[in-house]
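What follows is calculated from the coordinates using simple rules that are stated; it is not laboratory data. All figures in this text were calculated on a predicted structure; none of them were measured in a lab. A quick note on method: Cβ atoms are made from the backbone with ideal geometry, for glycine too, and the neighbour counts reach across all protein chains shown.
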Amino acid sequence: MRWIVSTARVISEFNRPGPRLAAMTGVAILGLLGAAGFAEGGDFPACNEKAGTCFEPNDTPGCAILECCNLICDLDPACCLLIWDAPCVDLAQKLCPACPGKGPCFEPNDTPSCADGACCEIVCSIDPFCCAAGWDQICVDEALVVCGTEPCELNCPKGATLEPEACGESTNGGCLQDPAQFTPIACGETVCGTAWATGSRDTDWYELTVPESTFLTWTISSEFPAAAFIIAGDCEFGFQIVAEAYAVGCAPASAELCVDPGTYILFVAPATEVAPILWGIPCPDDKGKEPGFFGNDYLATIQCGPCQRDCPADLDGDGSVGVKDLLILLGVWGPCKGCPADFDGDGNVGVKDLLVLLGNWGPCP
């Protein structure tokens with residue numbers, strides 16, 4: 001998928017040793033340029049559509065907008081010889097702004113950026129591909145989610161628990177860390193947390209154990225577009241997302257599910273329904289100022305209640321068996337130890353479980 005390639009570039013921690021190339025002697029510069037095959041005023045091979053975005057630091061030289069890249073590298077050849085770092089980005093932002101573009105924001109087109117400057121800037125902050133290569137359907141879908149939102153601010157309520165990591169750290173990354181790291185959470189608890197996305201993203205994994213069948217409501221409000229998942233399984237044998245919700249603009253969103261006794265993972269990370277967000281949510285600077293459009297804070301609450309176990313096929317607990325329950329079952333199809341959709345208890349969600357759900361279709365008795 002395109003977004004996996006376009007957003008997987010991690011910001012390098014590399015700093016150029018010694019003075020920048022632009023400060024070298026003219027003879028040394030001409031020697032390097034000649035060795036690389038560059039001619040004065042010509043095209044730089046590092047400027048190509050497969051290079052990184054022009055508007056975020058990359059761990060490779062050059063960037064993907066050819067005209068912009070060649071302009072910057074004429075001024076500072078280091079950007080095409082060594083690495084496209086912060087000074088190159090600063091020049092690009094001043095001399096070749098990406099937004100607004102020419103095409104519509106809500107229709108795919110082959111040109112980078114889109115005509116609504118504000119919408120364009122928000123989308124490209126979280127998905128630089130949209131301003132580097134082309135405004136494809138993923139850019140359109142992201143625009144439908146984030147454009148028109150306003151920056152918002154959350155306040156941590158009294159009595160809430162603070163997430164045990166600072167912005168920029170990753171100490172509760174669950175199954176993505178080795179060894180796996182989870183933050184315990186209890187029914188009724190509210191967590192004030194932070195997340196970031198600067199080439200990679202922060203994922204926060206909370207662990208909850210329930211001794212009996214329980215209806216879980218995992219609710220998040222966030223200053224950034226966020227995903228909230230309820231996850232069954234474990235790191236060793238595999239896990240499945242069994243309920244999900246997506247929040248934007250500080251409005252609450254809830255993932256809900258009736259679960260069997262056991263241990264479950266409650267997950268929060270920057271994302272839209274379209275794709276994970278790997279860019280555009282930097283941590284505050286030394287003065288506490290948030291440099292991006294989106295803030296870093298979120299509130300997450302887990303509420304626990306009784307399940308209607310006389311109607312086990314009602315997976316979402318709304319009093320009837322319908323399309324939402326079918327989608328939950330299909331979403332965990334296959335091996336799924338402890339999943340509520342495993343009605344026959346064989347450790348696998350399959351045809352027999354589907355028949356049980358279809359046999360109970362309609363209002364619960």
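Figures for the structure shown
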{"quantity": "Extension gain, Asp234 back to Lys50 (0.36 nm per residue minus Cα-Cα distance, nm)", "calculated": "62.5 nm"}
{"quantity": "Net charge of Cβ neighbours under 14 Å - reference Gly350; Lys, Arg +1; Asp, Glu -1", "calculated": "-2"}
{"quantity": "Rg to Rh quotient for the chain, alpha carbon positions, Kirkwood Rh", "calculated": "1.06"}
{"quantity": "³J(HN,Hα) computed for each position of the range 201-215 - Karplus, 6.51 cos²θ - 1.76 cosθ + 1.60, integer Hz, glycine/proline x", "calculated": "9, 7, 10, 10, 10, 10, 10, 10, 10, 10, x, 8, 4, 9, 8"}
{"quantity": "Loop-located GluC sites (Glu not before Pro) in the range 168-219, at most 12 other Cβ atoms within 10 Å (DSSP)", "calculated": "Glu212"}
{"quantity": "Ser254-Leu75 FRET efficiency (beta carbon distance; Förster radius 41 Å; 0.05 resolution)", "calculated": "0.20"}
{"quantity": "Listed residues Val248, Gly280, Ala269: farthest to the positive end of the dipole of the chain (Cβ charges)", "calculated": "Gly280"}
{"quantity": "Shape call, the range 169-251: gyration tensor on alpha carbons, a/c limit 1.5", "calculated": "oblate"}
{"quantity": "Counted charge near Tyr206, where neighbours are those whose Cβ lies closer than 10 Å (Asp, Glu -1; Lys, Arg +1)", "calculated": "-4"}
{"quantity": "Charge tally in the Cβ shell below 10 Å around Ala64, where Lys, Arg are +1 and Asp, Glu are -1, Ala64 excluded", "calculated": "0"}
{"quantity": "Gained length - Ala186 relative to Asp285, 0.36 nm times residue gap less alpha-carbon distance", "calculated": "32.4 nm"}
{"quantity": "Calculated FRET value between Glu67 and Ala160, using beta carbons and R₀ = 45 Å, to 0.05", "calculated": "0.35"}
{"quantity": "Dipole moment magnitude, nearest 20 debye, the range 161-305 about Cα centre, only Lys, Arg, Asp, Glu C-beta charged", "calculated": "300 debye"}
{"quantity": "Simple label model, 7 Å out from Cα along Cβ direction - Thr263 to Lys324, nm", "calculated": "3.0 nm"}
{"quantity": "Residue order, fewest to most surrounding Cβ atoms within 10 angstrom, among Glu256, Glu49", "calculated": "Glu49, Glu256"}
{"quantity": "Test item: Cα-centred dipole of the range 298-365, Lys/Arg +1 and Asp/Glu -1 on Cβ, debye", "calculated": "100 debye"}
{"quantity": "Linear extension gain, Asp43 paired with Gln93, 0.36 nm per residue minus alpha-carbon span", "calculated": "16.0 nm"}
{"quantity": "Label zone at Val210 (point 7 Å along Cα-to-Cβ), backbone N below 15 Å, the range 302-338", "calculated": "302-319, 338"}
{"quantity": "For Ala243, residues with placed amide H under 5 Å, excluding near neighbours", "calculated": "Ile230"}
{"quantity": "Cα-centre dipole for the chain with unit charges at Cβ (Lys and Arg positive, Asp and Glu negative), debye to 20", "calculated": "560 debye"}
